[in-house]
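Q: One structure is given below, represented as C-alpha cells, and several questions about it will come after.
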C-alpha cells in the first residue's frame with residue numbers, strides 16, 4: 001500500500017516540503033497543476049528529487065489541453081531521468097487549469113485519443129499527427145524505465161479509458177466503500193475486455209481526510225476539499241453514476257453552486273450543502289483509530305494506493321495543526337502497522353471487521369459437505385444465537401463490564417456509532433451492544449454480495465453505519481441482517497462455490513467463494529458465543545432488579 005500526499009508546487013517550499021515528507025514516511029507527493037494559480041509541478045518534482053532518495057513524485061493532476069501530449073511526455077520523461085525513475089504522470093480532464101482559460105473540462109471524446117497518444121509517446125512509439133509521424137527520438141537515450149501513466153477517474157467513461165490504457169488508475173469518487181467497489185468493478189471489467197490482466201494495474205483513490213478527535217471540527221476542516229472532489233462527479237458530462245440516491249442529490253447541488261474562483265475554500269457556496277452524513281461517507285474523518293479502520297476497509301477492496309488531501313483553504317489554523325499532527329504521528333504509523341499485518345488471519349485484532357477470508361479456510365467439498373449443508377449450519381448458528389439473546393434488556397445491552405471497553409456511543413451529531421480503533425495487543429473487552437452490532441455487520445456487510453458476485457443494494461448494516469440505541473432495535477437489525485445474508489448464500493449457485501473470488505478480493509483473490517462463506521460462518525459462531533458469555537457475566541455480576 002502506498003500513501004501519497006497532495007501538495008502545492010511552490011518553488012520556495014518544495015525542497016523543505018519534500019525532505020519533511022520523506023522523513024514522515026510518505027511514499028510520494030502529488031503536485032497540483034493549475035498554471036494560473038500555482039507554480040509548475042514538473043519543476044517542483046525535479047527540485048524535490050534532488051534532496052530525497054526514496055520519495056516518489058506525480059502530477060496530481062495535469063491535463064492534455066495546456067500541453068500537447070508530446071510536450072507532456074517529454075517533460076515527464078525528463079523528470080523521470082533526473083529523479084532516478086521516481087516519477088508518475090497523473091492526468092485528468094482538467095478543472096481549474098482550464099477554467100482560468102475560459103474552458104470547461106475536456107470532453108471524454110477528446111480526452112480519450114489524447115491519452116492514447118500520450119501513452120504511445122511515453123512508450124517510445126510513433127503518433128500520427130495529421131498525417132505526420134511524430135516520435136520522441138531522444139527517449140532512445142534515456143536510462144530509466146518508462147514513465148507510468150496514471151489517469152484520475154470519477155465517471156464510467158473515464159474509468160473505462162483509464163483501465164484500457166494506463167498503468168495506474170486513481171479514482172476520484174470519494175471514500176464510500178460501495179462506490180469505490182463499483183468503480184473497481186468497472187475498471188477490472190474494462191481492462192479484461194481490452195485483453196489486459198486487471199491484476200497488473202495499480203488501483204488507487206483520492207481520499208480527503210480530516211484526522212481530528214472532534215467529528216464536527218474534522219468535517220469543517222475539509223469542507224472545501226470535499227466539495228472539490230464531489231464536484232468532479234457533477235462536471236459537464238457526468239451523471240453521478242455509482243452514487244447513492246441521497247448522495248447524488250448533494251453532489252448535483254454542489255455542482256450547481258460550484259464557484260471555481262473559490263476552489264477548495266471552506267467558506268465557498270458549494271460547501272453549504274454538505275451535511276455531516278455525506279461528509280462522513282464521502283471523506284474519512286475522526287480520530288486516528290477511526291480513520292485507520294476506514295482505510296483498512298478500503299484497502300481490502302483491492303486498492304493499493306491512497307492519495308490523501310486534507311484541510312481546505314480558510315481552515316482554522318489550530319485545528320488544522322492538530323489534524324496534521326495526528327495524521328503524521330498517529331495515523332500514518334497505524335496504517336504502516338496494518339500494512340505489515342494485512343495477511344494475518346481473520347481473527348487478528350489488528351484487522352478491520354470482515355477484513356479477510358482466512359488463511360486456513362477450506363472448501364466445503366473438501367470436508368465432504370455440500371453448499372446445502374453449509375447453509376443449514378448457518379441457519380442453526382443463527383437460531384442458536386437468536387435464542388441466546390432473547391429478553392435482552394436495554395440496561396444489559398449497554399452494560400460496560402469494565403471501564404474503557406468498546407461500546408456504541410453518540411458522535412458529535414448525536415448518532416450512535418460503534419467504537420473503533422487499531423488494536424495491536426489483546427482485543428478490547430466490549431459491551432453486548434458493540435458485539436451485537438459487529439455481528440450484525442458480519443451478516444449485513446455489502447462486501448459479502450460484492451465478493452460473491454451477487455447483485456444487491458447496500459443494506460445500511462455496516463460497522464460504520466448508525467447503531468441501534470435499544471436492545472430491541474439491535475435484535476431487529478440482526479434479523480434483517482441475517483435475512484440479507486441468507487438471501488445471498490442461497491442465491492449463489494452450487495457450481496460457483498468453488499470459483500476463485502478473483503481480483504475484487506485483493507490479497508484473497510485466489511481463495512474460493514466457499515472460503516468467504518466459511519469465514520463469515522466462523523465470525524457468526526464466535527461472536528455469538530461471546531454474546532452468550534457476556535450475558536452470563538452480566539447475570540453473575542449485576543444484582544437482579
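The values are calculated or read from the model by the stated rules, or taken from the named source; none is laboratory data. Source: prediction; values computed, not measured. Here Cβ is always computed from backbone atoms with ideal geometry, including for glycine, and neighbour counts include all displayed protein chains.
Q: Just checking, which of 241, 283, 230 is surrounded by fewer than 24 Cβ atoms within 10 Å (Cβ to Cβ) and under 19 Å from residue 171 (Cβ atoms)?
A: Among 241, 283, 230, only 241 is surrounded by fewer than 24 Cβ atoms within 10 Å (Cβ to Cβ) and under 19 Å from residue 171 (Cβ atoms).
Q: A further question follows. Pairs please, first residue from the range 396-421 and within 16 Å of residue 534 (Cβ to Cβ), second anywhere and surrounded by fewer than 14 Cβ atoms within 10 Å (Cβ to Cβ), Cβ atoms under 8 Å, 6+ apart in sequence or on different chains.
A: Partner pairs satisfying both residue conditions: 396/542; 399/542; 401/541.
Q: Surrounded by fewer than 21 Cβ atoms within 10 Å (Cβ to Cβ) and on the phi > 0 side of the Ramachandran plot, is that true of residue 85? Lay out the reasoning, then the answer.
A: Working: surrounded by fewer than 21 Cβ atoms within 10 Å (Cβ to Cβ): yes; on the phi > 0 side of the Ramachandran plot: yes.
Considered against the rule, which asks whether it is surrounded by fewer than 21 Cβ atoms within 10 Å (Cβ to Cβ) and on the phi > 0 side of the Ramachandran plot, residue 85 comes out as yes.
Q: Residue 367: farther than 26 Å from residue 290 by Cα and either in contact with a strand residue (DSSP E or B) (Cβ under 7 Å, 6 or more places away or on another chain) or at pLDDT below 90 (or both), yes or no?
A: On the way: farther than 26 Å from residue 290 by Cα: yes; either in contact with a strand residue (DSSP E or B) (Cβ under 7 Å, 6 or more places away or on another chain) or at pLDDT below 90 (or both): yes.
Yes: the conditions hold for residue 367.
Residue-wise test of (1) under 21 Å from the mean Cα position of the chain (by Cα); (2) more than 30 Å from residue 186 (Cα to Cα); (3) at pLDDT below 90.
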{"site": "303", "(1), (2), (3)": "yes, no, no"}
{"site": "317", "(1), (2), (3)": "no, yes, no"}
{"site": "324", "(1), (2), (3)": "yes, yes, no"}
{"site": "340", "(1), (2), (3)": "yes, no, yes"}
{"site": "343", "(1), (2), (3)": "yes, no, yes"}
{"site": "362", "(1), (2), (3)": "no, no, yes"}
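Q: Now for a separate question. Does residue 102 satisfy the criteria of being out of contact with any helix residue (DSSP H, G or I) (no Cβ under 7 Å at 6 or more places or on another chain), without any contact (Cβ under 8 Å) to a residue 40 or more places away in the chain and surrounded by 20 or more Cβ atoms within 10 Å (Cβ to Cβ)?
A: No, not satisfied.
Q: Which helices (runs of 4 or more DSSP H) does the range 428-519 wholly contain that include 2 or more residues that are in contact with a strand residue (DSSP E or B) (Cβ under 6 Å, 6 or more places away or on another chain)?
A: 432-444
Q: Scan 125, 92 and give me the residue that is within 19 Å of residue 153 (Cα to Cα) and modelled with pLDDT of 95 or more.
A: 92
Q: Can you name the residue in the range 110-133 that is out of contact with any helix residue (DSSP H, G or I) (no Cβ under 6 Å at 6 or more places or on another chain) and assigned to a loop (DSSP other than H, G, I, E, B) and, of all such residues, is nearest to residue 52 (Cα to Cα)?
A: This residue is 123.
Q: Continuing with the same structure: Among the residues of the range 454-471, is there at least one that is touching a residue at least 40 places away in the same chain (Cβ under 8 Å) and within 27 Å of residue 191 (Cα to Cα)?
A: Yes, the range 454-471 contains at least one residue that is touching a residue at least 40 places away in the same chain (Cβ under 8 Å) and within 27 Å of residue 191 (Cα to Cα).
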